[in-house]
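Q: Right, I'll just put the structure down here and ask away after.
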Amino acid sequence: MPLSPFFTTLLTYFVRHQNQLQNKFGHFIAWSSLSLVLITALVVILRYGFGTGSIALQESVMYNHAILFMLGMAYTYQQDKHVRVDVFYTRYSERTRAWINLFGTLLMTLPTMIFIIWSGWDYVAVSWRINETSAEAGGLAYLYLLKTLILLMAALVISQALSTAAQAWLTLSSAENVSPDDINNNQVDNLEGKL
Amino acid sequence: MEWLALVLFAVIFIALLVGFPVAFTLAGTSLLFALIANLFGAFDMAFLQSIPSRIFSIMSNEILIAVPLFVFMGVMLEKSKMAENLLQTMDEVMRGIKGGLGIAVILVGMLLAASTGIVGATVVTMGLLALPTMLKQGYCPRIASGTICASGTLGQIIPPSIVLILLGDVLSSSYQQAQLNQGIFSPEALSVGDLFIGALLPGMLLVVLYMLYIFYKAMTRPDLIPSNTGQAVAPGLTSRVFKSLLPPLALILLVLGSILGGFATPTEAASLGALGALLLAAVNKQLTLTTLNAVMRNTLQVTSMIFLIFIGAAFFSLVFKGLGGDELITELLTGLPGGVFTAMLIVMALMFILGFFLDFIEITYVVVPIVAPILLMMGVDPIWLGIMIAINLQTAFLTPPFGFALFYLKGVASNLKTADLYKGTIPFIMIQLSVLILIAIWPELVTWLPSLVY
C-alpha cells in the first residue's frame, strides 16, 4: 500500500504531534497518583489522629482517583501498556503486528469509544442540566464534571486510536521496515510496567 | 438462542489470542457481537444503554481506590532498596542450613508479599539479585527459577493483595445478589478484610510447603542444591538483620495490622503504606525527581490498564446477560449430578485452564461474576470460595506460557533457558494444587480465623 509522499508527511506529522501531546498530558496526569496518596493519607490522619474529617475532602479522593485512571487511559495506550495476551503476539513480525493494530483499532477501539460517547452523551447532559451535586450533605457540588470524564476519556482514546492506526498504516505502506518506534519519535517512557 | 452466549465466550477467547489489547478486545468483540445479534433479533440493544452508569460506578467505587495506592506502594518499595537489604541479610542468616539460600528467597518473598502485593517487583528484584548467586552456588537452574517465581507469586495470596481486593469487590456484589435471589432481604456483607483474614493461614501453609520442598530436595539431592559452606558471615549480623527487618515489619504492622485490627479500610491502610514507602525511599536516599516520576508514571500506566479492563468487562457482562447467558450457566451448573461438589470442581478446572492464557484481572471480572452468584446460592461459603479462587488465580501466574511471573523473570534473566523456566514451575504448581485440595477437604483452614475475629 504505497502512499503519496504528501499523505505520508501529513500522517507522520499527525502521529508525532498527537503522541507528543498525549505523552506530555500523561506525565502531567501522573502527578495525580502522588496527590491521591497524600490526600488519602491526610483523610486518615485527620480522622484517627484528630477526630475530624470532611465529606468534601473524602469525595475529593474519589475525584482524584477517577481523574487518575480515566485520563491516563489514552496515555497508557500511547505507551502500548494495555496488557495483551501475547502468547503469539511476541512471535509476529513487525508487519503482522501492524495489521493487528490497524484492524484492532478500527474494529474494536473506535466502535467502543464511539459507542461510549453516543450512549454517554445524554447521561452527562442530564447531569449538567440539573447541575448534579453529591447526594451527601457537605459533599462536592461537581458531580456533572466528574461524569464528564467519561466523554473526555473516550475523546482522548479516539485521538490516540487514530494515531495508532496511522502509525500501523505508515509501517505497512513503507517499503523498508520502519519500526513504529521510529515514527513514534522515541516517545516511549522506558518503564517496567509491573503488577 | 441462549447458546449464542457460549458462542460469544468462545469468540472472545479466540479474539484475545490474536494479541490486541485485552480491554479493547473484550469491549469491541462484545459490541460487534451485540450489533450482529441485534440484526437477527437475538439481542436487545437496550441492555447496553447502562454502559455510562456502569463506568460511573467503577469511577465511584470506594474499594477500588486501594488499587492505585497499593500499586504506588509496591513500585516505590522496589525503588527503596528494601528487598536488596532483606535478601542479603536473610542469606547470611541461612548460611549453613541446607538449601539456605532457597529458603531465604522464600522468606523474603513472604515478607515482601505481606508488606505489598505486587508480584512483578518481587520477581524482578530477586531475579536480578538471588538468581545469579543461586546459580553460582551450583543450584540447578530449574529449582532456582521455580523458587523465585513461586516466592514472587506469594504477593497475590498473602494479604494485602490486589487479587484479593478485586475478588472482594466482585464477590461482595455476587453475595448480595445471591442472597436477594434467595429472598433474604437483609443480606450479610462480605468485605475485603474478610478475605484478607481468610487468606492468612493458606498463605502461611504455602510458604511452609515451599520451604519443606526446598529443604527436602537439598537433603536428598545435594547435586541439585549444594549446601553453602564457603563464605564466612561478616561480623555485626544481628544489627544488620534488625535494620533490614525493621522497614518491612513496620509496614506490615501499619498496613496489615490496621486492616486486620479493624482500624482502617484497605484503602486507608494502602495510603499509609504508600506514604511509608515514600518515606523509606527518602530515608534510604533513593528519592529523586527521576525516581518519583518513574514511580508516578508506572502507577498511572498499571492503574489505567486495570481499570480499562473493568470497562471492557462491563461490555462483556451486559451482552452476555442480554443473550441469556446467566440463565444458561445457572441451568448447566445446578443441573449437574453431584451437586455443589461437581459444580465447584468444574468452575475450578475452568479457571485453572483459562489461567494458562488469561491473567487474573480478566478471569476475576469476566468469569467470577457469572459463576459466583450460582455457587453462593448453592450454599458455598463466600470467604472459602474467594480463597479457593485466589489460590487458583495465583497458580495462573506460574503456568506457562502466559504466567506473569515467568515473563518478569525471563525479562531480567535472558540467559535462562525457557524450558528450564517452564519445568521449574511444575513442583510449585503441584504444591499449589495440593493446597487447593487441602482447603477443599478442610474448609476450616480458611474459615476458622475469620470466625474468631467476628
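Q: Give the Debye-formula value of log10 I(q)/I(0) at each listed q (0.08, 0.12 Å⁻¹), with one equal scatterer per alpha carbon of the protein assembly as shown, two decimals each.
A: -0.59, -1.39
Q: In whole Hz and in residue order, list the ³J(HN,Hα) couplings for segment A:139-154 that follow from phi through the Karplus curve 6.51 cos²θ - 1.76 cosθ + 1.60, θ = phi - 60°; x for Gly and Pro.
A: Going residue by residue, I get x, 6, 9, 10, 4, 5, 5, 4, 5, 4, 4, 4, 5, 4, 4, 4 Hz, with x marking Gly and Pro.
Q: Under 8 Å for C-alpha pairs, at least 6 residues apart: give me the relative contact order for chain B, rounded to a whole percent.
A: Reported as a whole number, the value is 28 percent.
Q: Continuing with this model, one more query. Round to the nearest 10 and report in Å² the accessible area of B:Arg297, as given by a 1.4 Å probe over the protein chains' heavy atoms.
A: Roll a 1.4 Å probe over it and B:Arg297 shows about 50 Å².
Q: Follow-up. Roll a 1.4 angstrom probe over the protein heavy atoms and tell me the percent of accessible area of segment B:295-442 that is carbon or sulfur.
A: Whole-percent figure for carbon plus sulfur exposure: 74.
Q: In whole Hz, with x marking every Gly and Pro, tabulate ³J(HN,Hα) for segment A:29-38 from phi via Karplus 6.51 cos²θ - 1.76 cosθ + 1.60, θ = phi - 60°.
A: 5, 4, 4, 5, 6, 5, 5, 4, 4, 5
Q: Continuing with this model, one more query. Output ³J(HN,Hα) for segment B:364-375: one whole-Hz value per residue in order, computed from phi by the Karplus curve 6.51 cos²θ - 1.76 cosθ + 1.60 with θ = phi - 60°, and x for Gly and Pro.
A: 4, 9, 9, 8, 4, x, 7, 8, 4, x, 5, 4
Q: I'd like the accessible area for A:Phe14: 1.4 Å probe, protein heavy atoms, all chains in place, Å² to the nearest 10.
A: My reading of the accessible area for A:Phe14 is about 80 Å².
Q: Work through the residues other than A:Ser54 whose Cβ is under 12 Å from its Cβ and net out their charges, Lys, Arg +1 and Asp, Glu -1.
A: -1
Q: Quick one: give the max-minus-min coordinate of the C-alpha atoms of chain B along each principal axis, largest first, in Å.
A: So the three principal-axis extents are 77, 47, 46 Å.
Q: Within a 10 angstrom radius of each residue's Cβ in B:62-71, how many Cβ atoms of other chains show up on average? Whole number is fine.
A: Counting other chains' Cβ atoms within 10 Å and averaging over B:62-71 gives 4.
Q: Carbon-plus-sulfur fraction of the accessible area of segment A:1-156, 1.4 Å probe, in percent?
A: Of the solvent-accessible surface of segment A:1-156, carbon and sulfur hold 70 percent.
Q: Still on this structure: To the nearest 100 Å², how much accessible surface do chains A and B hide from each other in total, with a 1.4 Å probe?
A: Chains A and B together bury approximately 6200 Å².
Q: Still on this structure, I have one more. Just need the relative contact order of segment A:14-117 here, percent rounded to a whole number, with Cα pairs under 8 Å and 6+ apart.
A: 31 percent
Q: Grab the other residues whose beta carbon is less than 11 angstrom from that of B:Val192, score K and R as +1, D and E as -1, and report the net.
A: -3
Q: Solvent-accessible area per residue for segment B:162-243 at a 1.4 Å probe radius, Å²?
A: 49 Å²
Q: Over all alpha-carbon pairs of segment A:1-50, lay out the pair-distance distribution in 5 Å bins, whole %, shortest bin first.
A: 4, 17, 12, 12, 9, 9, 8, 7, 6, 5, 4, 3, 2, 1
Q: Counting pairs of Cα atoms in segment B:46-96, how many percent are more than 16 Å apart?
A: Result for the distance tail: 66 percent.
Q: Give the accessible surface of segment B:356-454 per residue, rounded to a whole number of Å², with probe radius 1.4 Å and ligands, DNA and RNA excluded.
A: Roughly 35 Å² per residue, with all protein chains present.
Q: If one takes the longest principal axis of the Cα atoms in chain B, at what angle in degrees, from 0 to 90 and to the nearest 10, does the Cα axis of helix B:444-453 lie?
A: Here the helix axis deviates by roughly 90 degrees.
Q: With N set to the residue count of segment B:89-229, report its C-alpha Rg divided by 2.2 N^0.38 Å to two decimal places.
A: 1.32
Q: A 25 angstrom limit on the alpha carbon distance is what I want to check against. Which of B:Lys136/B:Lys410; A:Lys24/B:Lys285; A:Lys81/B:Lys136; B:Lys98/B:Lys285; B:Lys81/B:Lys410 exceed it?
A: A:Lys24/B:Lys285; A:Lys81/B:Lys136; B:Lys98/B:Lys285
Q: Rounded to the nearest 20 Debye, what is the dipole magnitude of chain B about its Cα centre when Lys and Arg each give +1 and Asp and Glu each give -1 at the C-beta?
A: 1720 debye
The values are calculated or read from the model by the stated rules, or taken from the named source; none is laboratory data. Quick caveat: nothing in here was measured; it's all calculated off a predicted structure. Every residue, glycine as well, gets a Cβ built from its backbone with ideal geometry; the counts of neighbours run over all protein chains shown. Surface areas here come from the heavy atoms of the whole protein model, side chains and all, with no ligands, DNA or RNA. Shrake-Rupley method; radii C 1.70, N 1.55, O 1.52, S 1.80 Å.
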